[in-house]
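Below: one structure, written as structure tokens.
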Amino acid sequence: MALLMPLQIFNTTRKPLPEALLGRLVEGVLAAEGFTPVDVVAVYCGKKMIRSINREFLQHDYATDTITFRYSDASEAGIEGEFYISLDVVEENARRFGTDGLQELLRVSVHSALHLIGYDDRTEEERRLMQEKEEYYLARLPVR
């Protein structure tokens, strides 16, 4: 029987990544929402990789900040899934929104964790709820 790691973080770039901080943040969001990572993989990558994933799995031919796949049933408290975050797009968004790069990275990581739980952002109302949750967790979780 293979040993599962509850949360694994991979950095496929040469950019520095605060892995311990990101792990605490993602696990904190999941726990606060009543979920436990059973087998979650977080991949922090570049624009080329995320564009390829977006094209292959979602038929969108562009780079995005995050893509999330949940493999466990929505009714299960144990989360299995993976998410990809483009560090390049996160940096671009930080400049565009006039925010700190680390803050944007934390926000997108919270956003990805919320997607793992089952939150969506297809409608204006769903986007508003996710943004409220992002702000809530960034203000309250011990991320520094």
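Each value in this text was obtained by applying a stated rule to the coordinates, not by laboratory testing. On a predicted model such as this, the values are computed, not experimentally measured, just so you know. Using ideal geometry, Cβ is built from the backbone for each residue, glycine included, and neighbour counts are taken over all protein chains shown.
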Legend entry - Checking GLY101 against (1) closer than 20 Å to LEU30 by Cα; (2) without any contact (Cβ under 8 Å) to a residue 60 or more places away in the chain, the condition it does not meet: (1)
Legend entry - ILE53, sole failed condition from (1) surrounded by 14 or more Cβ atoms within 10 Å (Cβ to Cβ); (2) touching a residue at least 40 places away in the same chain (Cβ under 8 Å): (2)
Legend entry - Selection within the stretch 6-51 - part of a strand (DSSP E or B) and over 19 Å from SER72 (Cα atoms): PHE10, ASN11, TYR44, CYS45
Legend entry - Which numbered condition LEU138 misses (of (1) free of Cβ contacts under 8 Å to residues at least 40 places away in the same chain; (2) over 15 Å from the mean Cα position of the chain (by Cα)): (2)
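I need the full set of residues from the stretch 112-144 which are in contact with a Ser or Thr (Cβ under 7 Å, 6 or more places away or on another chain) and either not aliphatic (A, V, I, L, M) or not in a helix (DSSP H, G or I) (or both), in order please. Before the answer, list the steps.
If we filter the stretch 112-144 for residues that are in contact with a Ser or Thr (Cβ under 7 Å, 6 or more places away or on another chain), which is where we start, we get 112, 115-116.
Those that are in contact with a Ser or Thr (Cβ under 7 Å, 6 or more places away or on another chain) and either not aliphatic (A, V, I, L, M) or not in a helix (DSSP H, G or I) (or both): SER112, HIS115.
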